[in-house]
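Notes follow the structure.
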Amino acid sequence: MGELLYFKNCEERKKAEELLKKYWPEASFVVMRLDMQNTIEEERVHFGKWDIEFKKKRMIYDGTEIIITDLQWDILELLMSDSELSFSIKEIAYATNIEVYEAQIYVEELLKTIKEQTGSAIVQKNEERYSFVEITD
């Protein structure tokens with residue numbers, strides 16, 4: 001469980017984020033905002049050097065954007081949907097509506113891209129299952 005902090009304006013929120021990152025670098029937090037219908041929605045997830053922006057489909061590591069395809073983004077979202085779960089290639093293929101061999105290619109490319117550009121592995125393979133792992137280094 002976590003704590004909820006509410007800020008009246010963006011400047012206060014940005015200052016709080018900067019302080020968290022500076023004095024508590026291993027902190028993980030979710031940035032939420034109200035949409036036009038006053039419904040709270042996730043804007044960004046921060047953990048360690050990572051920022052994941054869902055609406056913009058952006059993955060940023062230590063200030064550098066990691067470019068992935070839309071299908072790889074869909075796979076990443078599926079894996080991030082529940083950090084307690086892991087998924088087989090068949091489950092990923094079914095969830096993204098593609099063939100199993102295509103899912104294998106996209107998942108392997110996703111792992112390769114993340115590892116090459118960051119040296120970190122937020123998507124990990126354990127036996128024949130893939131999962132999201134929050135790395136806060």
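Every number in this text was worked out from the coordinates using simple rules, so none of it is lab data. This one's a predicted model, so the numbers in the text were calculated from it and none came from an experiment. Neighbour counts run over all protein chains shown; Cβ positions are idealised from the backbone, glycine included.
Roughly how large, in nm² to one decimal, is the mean projection of the convex hull of the alpha-carbon atoms in region 53-117? Display every interim value, and only then the final one.
On the way: hull surface 18.1 nm².
Here the figure is 4.5 nm², rounded to one decimal.
In nanometres, what is the gap between the two model label sites at TRP24 and MET80, each 7 Å from Cα along Cα-to-Cβ?
2.1 nm
State, in angstrom, two size descriptors of region 91-137 derived from its alpha carbons: Rg to one decimal place and Dmax to the nearest whole number.
11.4, 35
Among LYS21/LYS57; LYS55/LYS112; LYS90/LYS125; LYS22/LYS112; LYS22/LYS115; LYS49/LYS115, which pairs are too far apart, with a Cα-Cα distance over 19 Å?
Beyond 19 Å between Cα atoms: LYS21/LYS57; LYS55/LYS112; LYS22/LYS112; LYS22/LYS115.
Loop only per DSSP, at most 13 neighbouring Cβ atoms within 10 Å: give me the GluC sites (Glu not before Pro) in region 52-86, ordered by residue number. Working shown, then result.
Working: sites: GLU53, GLU65, GLU77, GLU84; in loops: GLU84.
Sparse-neighbourhood loop GluC sites (Glu not before Pro): GLU84.
ALA95 to ALA121: FRET efficiency via 1/(1 + (r/R0)^6), r the Cβ-Cβ distance, R0 30 Å, to the nearest 0.05?
In this case the efficiency is close to 0.90.
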